[in-house]
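Comments concern the structure below.
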Amino acid sequence: MGKGVKSTLLFILVISLFLTACSSSHNEKNTNGDDTANTNVSGEQVVKIDESNKQNSKDSATDNGGLEFMEDIKIKLTFNNEEVIVNMYDNPTSRDFLAQLPLTITFEDYARTEKISYLPKKLSTEKAPSGSDPSVGDFTYYAPWGNLAIFYRDFGYSNGLIKLGKIESRVDKLESINGNFTVQIEKID
């Protein structure tokens, strides 16, 4: 048998074994009595989503990538006789940021996509995701540089970007500002 035929047969055999292993859809029932979790063939736990709770979580965390808002925790950004309200997410980085308030810092435009400002002290990245995909209105912290970033345009996935909150409305107030501007940030009671 020729070398090419042997290689082809070996390739077909390997692919067949791979497809057979991957196509097994038989999951064993989890023995711990938890109906929301199954164990797949390789022993990894697979969590099922309870469809009845899906709408409730959509209502409480609309368009925020599954992040939950802190109960009634909002901050106010005041600049150029304007105010913007941000609903804060519940995560260690957001809580660390809130502990630094009130702040007065200077923002500048970055890449015609976001307004950024460096904080006096870096924030905690405990339990933070490796990155995120920001959209218009996201109030974020870019851990590698230690700066806040407020997005007024959508942007692609960024390593080290942590969402702190979401602007309620009027992101256009930020987009229209040219040059550097001073912002007072305070917690709203």
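Throughout, read-outs are computed from the coordinates displayed, never taken from laboratory work. Quick caveat, the model's predicted, so the values are computed rather than measured. Every residue, glycine as well, gets a Cβ built from its backbone with ideal geometry; the counts of neighbours run over all protein chains shown.
Across segment 158-168, coupling constants 3J(HN,Hα) worked out from phi with the 6.51/-1.76/1.60 Karplus curve, θ = phi - 60°, read 10, 5, x, 8, 10, 6, 9, x, 9, 5, 5 Hz, and Gly and Pro carry x. Each 5 Å bin from zero up to the one holding the largest Cα-Cα distance in segment 66-188 carries the following percent of pairs: 2, 12, 24, 28, 22, 11, 2, 0.
Each of residue 98 and residue 181 was given a label point 7 Å from its Cα along the Cα-to-Cβ line. The distance between the two points is 2.6 nm.
May I ask you to list the GluC sites (Glu not before Pro) in segment 104-161 that are in a DSSP loop and have at most 11 other Cβ atoms within 10 Å of their Cβ?
Values: sites: 108, 114, 126; in loops: 126.
Passing both the DSSP loop test and the Cβ count: 126.
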